[in-house]
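One structure is given below, encoded as structure tokens.
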Amino acid sequence: MSSWRRTARSGLKAAARRIGLLEPPANYDVHLYETISRLRRWTDQDVIFDVGANDGRTILRLDKHLPPARIFAFEPVASTFATLQERTSHLSNVRYFPLALGAEPGEQTMYINESAAVNSLRPDWGSCQHTETIQMTTLDQFVEQNGVERVHLLKIDAEGHDLEVLKGGAETLSRSKVDMIEVEAGFSAPGRPQPSLEEFRILLADYGYHLYGIYNQCRGRRTSRRDGGQAPEILVYCDALFINVQSDLNA
């Protein structure tokens with residue numbers, strides 16, 4: 001197993017243990033990216049936004065499953081941004097931006113955790129070690145300022161902040177300038193303050209996006225039984241893929 005795969009899997013396991021989840025399976029994310037690869041005829045001119053690029057693990061998966069599309073990688077935490085660049089430096093199709101996306105532009109406080117995979121703009125998300133001031137823009141603002149005509153895949157993994165990213169892209173979404181959207185959605189599990197799958201479904205339906213599938217379902221024990229016994233595992237979160245029904249995915 002290559003060093004980046006070992007590191008990515010180690011990070012996922014550490015994050016899962018920290019929030020009380022089962023460890024991710026060995027084929028974590030494989031089915032999702034195999035699905036994405038089949039949904040359109042990908043070319044090197046297509047555009048992917050990786051919002052919350054972390055250490056580059058998604059970029060490396062995309063490189064394995066898709067032709068070398070143009071990837072815009074957004075990672076606001078300075079140390080993680082450096083790791084992202086280092087691990088994907090061999091790829092010529094990636095552009096890097098030390099930014100977060102959200103509902104409003106400006107400076108924000110990022111809560112830094114032991115594992116970079118769970119750094120979050122939410123103070124209640126993990127076990128915060130320290131904070132860092134980061135720069136935020138909106139999807140609408142970035143698309144306009146950088147002349148991006150279309151985003152073929154908008155992948156968001158912002159640790160509880162995914163819905164805010166979409167709220168900052170109202171104009172882009174209303175003009176059907178995004179074909180596919182991948183988010184991390186919760187199931188209103190106790191103790192996990194995360195936007196639910198239903199919240200994403202309602203917001204995106206207004207822009208013509210519909211749920212295509214859910215992947216990487218993670219379960220955990222989030223409650224205790226009244227008698228003090230061990231409660232059964234429940235569904236805590238998943239990756240959800242939405243598609244725009246007005247898009248020609250075969251274009």
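The values are calculated or read from the model by the stated rules, or taken from the named source; none is laboratory data. Everything quoted here is computed from the prediction, not taken from an experiment. Don't worry about glycine lacking a Cβ; one is built from the backbone with ideal geometry, like all the others, and counts go over all protein chains shown. In case anyone asks, the SASA skips ligands and DNA or RNA and just uses the protein heavy atoms, side chains included. Shrake-Rupley method; radii C 1.70, N 1.55, O 1.52, S 1.80 Å.
Things worth noting here:
- Efficiency of FRET between GLU86 and GLU34 - r from beta-carbon atoms, R0 22 angstrom, step 0.05: 0.20
- Shape of the chain, Cα gyration tensor, a/c cut at 1.5: rounded
- Counting only DSSP H runs of at least 4 residues, each contributing -39500 (n - 2.57), and dividing by the residue count of the chain, the helix-based mean residue ellipticity at 222 nm comes to -8000 deg cm²/dmol.
- Take the Cα radius of gyration of region 128-251 and divide it by 2.2 N^0.38 Å, N being the number of residues; the result is 1.25.
- Shown for the chain: the carbon plus sulfur share of the solvent-accessible area, taken with all protein chains present and a 1.4 angstrom probe, equals 45%.
- Whole-number accessible area per residue in Å² for region 33-171, which is evaluated in the context of all protein chains at 1.4 Å: 42 Å²
- Overall dimensions of region 64-152 by Cα: Rg and Dmax, Å: 14.4, 39
- Charge context of LEU84, other residues only, Cβ under 10 angstrom, K/R +1, D/E -1: -2
- Within the assembled protein chains, the solvent-accessible surface assigned to CYS128 is about 60 Å², based on a 1.4 Å probe.
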